[in-house]
Amino acid sequence: MNTILRKSVLGIAGLAFTGGVFAGPVAAHAADTTTHAVKPVSVSVQGDKLIPHGVQGEQSRIDLNDEQIKNVKAIIAATKKAGMDERAAVVSIATALQESKLENLGHLGDRNDHDSQGLFQQRPSSGWGTVEQITDPEYSTTAFLKGLKQVDGWQDMPLTKAAQTVQVSAYPDHYAQWEQQAADLVAEHWNK
């Protein structure tokens with residue numbers, strides 16, 4: 001990827017995440033007792049598009065409500081509309097699991113020290129779009145996928161590296177813990 005384009009993608013992705021986004025939306029879910037660790041899995045039964053290199057580290061899993069499943073389906077639909085495959089949907093869903101637990105979050109007031117919103121915790125001030133746009137699951141997924149398309153070799157890199165290159169999180173390794181659940185969700189909902 002050329003340097004100017006990469007800098008643009010990183011600028012859009014919101015370098016301001018380094019201030020501690022986790023004090024905001026993720027902290028709101030810290031008391032969520034439905035999250036539990038799952039032992040790492042070395043090979044996926046869903047196929048090489050979903051988890052091409054096995055998952056990294058211990059996996060987390062949460063129980064999803066109807067609204068969260070609706071958001072999974074919206075991410076999958078936007079991925080298909082963008083002409084991308086199951087792997088892109090896995091990266092997107094894992095990212096949204098980490099950023100918002102698949103909840104389309106509005107501004108969290110005092111629990112959010114930035115203007116991050118939506119499924120991917122994108123920031124209007126970083127150029128992701130307006131509040132109305134980034135709280136629309138199709139728009140926010142499409143914006144995330146546009147960034148992902150700009151990452152050379154994203155299909156073959158570990159999920160957490162692909163997600164981090166787009167998101168530029170202060171906690172780059174946290175995306176990995178959601179890969180198995182994201183792959184399971186894509187396997188379950190891709191052909192519905």
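Taken together, SER126, SER92, SER116, SER100 contain a single residue that is under 22 Å from HIS174 (Cα atoms), among the hydroxyl-bearing types (Ser, Thr, Tyr) and open to solvent by 10 Å² or more (accessible area, probe 1.4 Å), which is SER126. Looking only at region 37-64, residues that are over 18 Å from ALA89 (Cβ atoms), at pLDDT below 60 and of a type outside the set (S, T, N, Q) come to 6 in all. Would you point out the residue of region 153-192, among those that are of a type in the set (Ser, Thr, Tyr) and open to solvent by 20 Å² or more (accessible area, probe 1.4 Å), that is modelled with the lowest pLDDT? Looking at residues that are of a type in the set (Ser, Thr, Tyr) and open to solvent by 20 Å² or more (accessible area, probe 1.4 Å), I get TYR171.
The criterion of at least 3 residues that are within 27 Å of PRO52 (Cα to Cα) and in contact (Cβ under 8 Å) with a residue 24 or more places away in the chain is met by the following helices (runs of 4 or more DSSP H) wholly inside region 83-173: 86-100, 137-149, 159-167.
Of a type outside the set (A, V, I, L, M), touching a residue at least 60 places away in the same chain (Cβ under 8 Å) and open to solvent by less than 10 Å² (accessible area, probe 1.4 Å), is that true of THR79? Taking the combined requirement at face value, the residue satisfies it.
The values are calculated or read from the model by the stated rules, or taken from the named source; none is laboratory data. Predicted model, so just to flag it, every value in this text is computed and none were measured. When we count neighbours, we look across all protein chains shown, and the Cβ atoms used for this are built from the backbone with ideal geometry, even at glycine. These accessible areas exclude ligands, DNA and RNA; they are computed on the full protein's heavy atoms, side chains included. Shrake-Rupley method; radii C 1.70, N 1.55, O 1.52, S 1.80 Å.
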